[in-house]
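Values in this text are rule-based calculations from the coordinates and carry no lab data. These numbers were taken from a predicted model, which means no experiment stands behind them. Positions of Cβ are backbone-derived with ideal geometry, glycine not excepted, and every protein chain shown enters the neighbour counts.
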Amino acid sequence: MYITVENPIFDIIKTRRSVRSFLPIKIPDDCLNLILESAQWAPSACNQQLWQFIIIKDNDLKIRLTTEAGASKLILKAPIAIAVCYHSGNIKEGIQSASAAIENMLLVATSLGIGSLYLNSFGKEIKVKQILNIPDELFIVAFILLGYPEKQLPPPKRRALEEIVHQNYFSKYSKETFSHDANKWTLSSVRDFQERYCRKTDLGTRMDIVNEMEIKLIQNILSREKYDNILDIFSYDGSLLNNYPDMKIFSLNLGSETSLFTTYAVNRKIEPLIYDDFIPLKDKSISNAICVFKLERIPPQAYDKLFSEIKRVLEDDGRFIIVFRSRNSLYGLIHRLIKIKFDDDIRKSGIYSFFGPYSPLKSADIISSLKQADFSSVSQERFFVIPPLIDDFYQLFLHYFTSGGGAFYHREKRKSIVGNLIHKIIRLQKEYNTKFGSVIVLTAKK
Ligand SMILES: Cc1cc2nc3c(=O)[nH]c(=O)nc-3n(C[C@H](O)[C@H](O)[C@H](O)COP(=O)(O)O)c2cc1C
C-alpha cells in the first residue's frame, strides 16, 4: 500500500520531543488518566501486564529523590513524574513490555499537547525503591516526566534509514568508535558523534566541563591584546563564548547540529561557520583564532589541514592561541587513572563523553604541527600544577556514587568536607607560568 494521505499517528510520532523545561501548569486528571490508559493497552510479554506506575507530584518527595538518590534535577521541573516499574522475574521481558507502555504514554501525551521526557537518570535504584516504598520483586525501568512544554524544540536529526535497515541478512554497517583516544577517530566520525550527542539534551545547555579558574585564565589571555574579531575553533557547546570580550565572534563547528547548539548557548549574536577541511572565510580576515580544550577531541591527522586553514584566514599580525590540557602533567596522570577505572570507552566514564574522544596532548606534537603549517613562531606558557578540574571531577564522582553510577554529570555542587578542602587547595594556586603546569597555552604568530 502506498500511503499518500496524511497519517495522524505518524504526525504525533514526529511531533513528540523530549521536553526538559515545563510551564507551572497542572495537568488535568482526565488527561493523566488517558495517558495511563494508553499504557494499559500496550503489548506485554505473555499478556502478563506486570507493570506498575507510581505518580509522583509531591515536591518534597521529588527533592528527596534528587538529594538522597541522585535523581536528575529535571524531575523538579516537571509537574508530574511517573516511576515505571515491572516485575523482575524476566528482566528482558520487563524492559520490553514497559518500554512499549512508555512509548504509548509519550505519544498520547503529545496528542494532548503535553510534553514528556523518557528519563533514565532517576538515580540509585535501591534508594529510589526505598523512598517510594517499591516492593523488592519489582525493578524500575525508567521515569517519565510530564508537563506543558515551555518551548517548542527543533527535532534532532535521525540516522538515515539506509544506515539502520537491512534486507534479510545483516549487510554493511559502519561501526561506531567509543575510544577516549582521538587517534582512533576520523574527523568525520567525530563530526557524526557530536551531531548526535550534542542533541542529547536541551539546545544550549552547558555540557563541557571547564573549571572556573580555567575560564578566568582564558579571559585574562584574551584581554592581553585588543582584537577586531575572534575565530573560535570547534565551539561545540558554546558555553565558553559567553566569557569572551566584546568583539565579533566567528564560531567554527564540525556540523550543523553542533553549530545550532552553539548558537543557542551564546547570549549574543555570533557568526556560525561549518568546517569541512575548509574555513568558509576570506584570507586574512581574522585577527585572533582560539581553540580552547577542543584540540584534545580532534584526530591528530586533521591538525595539518586545520592549522594551514587557520593560518590562511589570519591577518598578517594575527595570533592563533591554543589552550589544552597536558599529557605530561598531573592532569595527564589523572586522565590515565580515570581510564584504568572506567575503561577506554568514553560512555563509561561520563567525563567528556558528550562530544566524542578526549585525550590530553603533548606540547611538542602541537608545536611541530604548527611549524609544519608554517607559523613563524610559537610561545608556550603552562599554568596550574594542580589541575583545577580535580575540583569538578570530585563533584562528578560524588554524584556518580550517590546515583549508583546512574548519572555522572551533574551541574549541582554537592557539599562535602573533602570537596571543600580540594576546592580551597586548588584556589590557593596563583595564575603564573610554571614548568609543571597542567594547562598549556600556545601562542602562534603567523
Ligand atoms: C531509554 C531512554 C532514556 C533516556 N534518558 C534520558 C535522561 O536520563 N535524561 C534526558 O535528558 N533525556 C533522556 N532521554 C531522552 C533522549 O535524550 C532523547 O530521546 C533523544 O535525545 C532524542 O530526542 P527526542 O526524544 O526529542 O527525539 C532518554 C531516552 C530514552 C529512550
Review point. Taking 0.36 nm per intervening residue step and subtracting the Cα-Cα distance, what contour gain separates E150 from R414 on full extension?
Key: 92.3 nm
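Write down Rg/Rh for the range 87-131, rounded to two decimals, with Rg from the C-alpha atoms and Rh from the Kirkwood relation over Cα pairs.
Taking Rg over the Kirkwood Rh, I get 1.06.
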Exercise for review: Provide the per-residue ³J(HN,Hα) series for the range 132-143, in order, calculated from phi with Karplus coefficients 6.51, -1.76, 1.60 and θ = phi - 60°, each as a whole number of Hz, with x at glycine and proline positions.
Suggested key: 8, 6, 7, x, 3, 6, 9, 10, 8, 7, 6, 10
Practice item. Net charge near R325: determine it from the other residues with C-beta under 13 Å of the C-beta of R325, scoring Lys and Arg +1 and Asp and Glu -1. Key: +2
Check your understanding: What list of ³J(HN,Hα) couplings, whole Hz, do you get for the range 365-374 from phi and the Karplus terms 6.51, -1.76, 1.60, once you set θ to phi - 60° and write x for glycine and proline?
Key -> 5, 5, 4, 5, 5, 5, 5, 4, 7, 6
Review point. Per 10 Å bin, what percent of the C-alpha pairs of the chain does each bin hold, from zero upward?
Key: 4, 18, 27, 24, 16, 9, 2, 0
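Quick check on the chain: helices-only [θ] at 222 nm, where DSSP H runs of length 4 and up contribute -39,500 (n - 2.57) each and the sum goes over total residues. Nearest 500, please.
That calculation yields -11000 deg cm²/dmol at 222 nm.
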Check your understanding: Suppose R0 equals 51 Å; then what is the FRET efficiency for Y169 and L36 from their Cβ-Cβ distance, rounded to the nearest 0.05?
Key -> 0.80
Review point. Stretch R158-D365 to full length: gain in nm at 0.36 nm per residue minus the Cα-Cα span?
Key: 70.8 nm
Revision key, fill the gap. Subtracting the Cα-Cα distance of K184 and S223 from 0.36 nm times their residue separation yields 10.4 nm
Check your understanding: Where does helix 256-265 land angle-wise versus the long Cα axis of the chain, in degrees 0 to 90, nearest 10?
Key -> 90 degrees
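How big is the Kirkwood radius of the range 9-83, worked out from every pair of different alpha carbons and given in Å to one decimal?
Radius from the Kirkwood sum: 14.6 Å.
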Practice item. Please find, in a Gaussian network model of the chain (springs between Cα atoms separated by less than 10 Å), the residue of I298, I322, I126 whose mean-square fluctuation is greatest. Key: I126
**Study point:** Net charge of Cβ neighbours under 11 Å - reference N433; Lys, Arg +1; Asp, Glu -1
**Key:** +1
Practice item. Could you pull the Rg and Dmax for the range 8-147, using just the Cα atoms, both in Å? Key: 14.4, 42
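Over the alpha-carbon set of the range 276-346, divide Rg by the Kirkwood Rh and report the Rg/Rh ratio to two decimals.
For the range 276-346, the value is 1.11.
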Practice item. Please give the helix 29-40 orientation as an angle from the longest Cα principal axis of the chain, in degrees from 0 to 90, rounded to the nearest 10. Key: 90 degrees
Practice item. Under a 10 Å cutoff between Cα atoms, tell me which one of L222, L146, L34 has the largest fluctuation in the Gaussian network model of the chain. Key: L34
**Study point:** Cut-off 12 Å between beta-carbons: net charge of the residues surrounding F342, Lys and Arg +1, Asp and Glu -1
**Key:** +2
Study note, to complete from the structure: Hull volume per residue for the range 307-446, using the convex hull of the C-alpha atoms, in Å³ is 132 Å³
Check your understanding: Just for the chain, what percent of DSSP beta bridges are antiparallel, to the closest 5?
Key -> 65 percent
**Study point:** Greater than 20 Å apart at Cα, pairs in K226/K248; K284/K446; K226/K294; K73/K127; K226/K430; K305/K348
**Key:** K226/K294; K226/K430; K305/K348
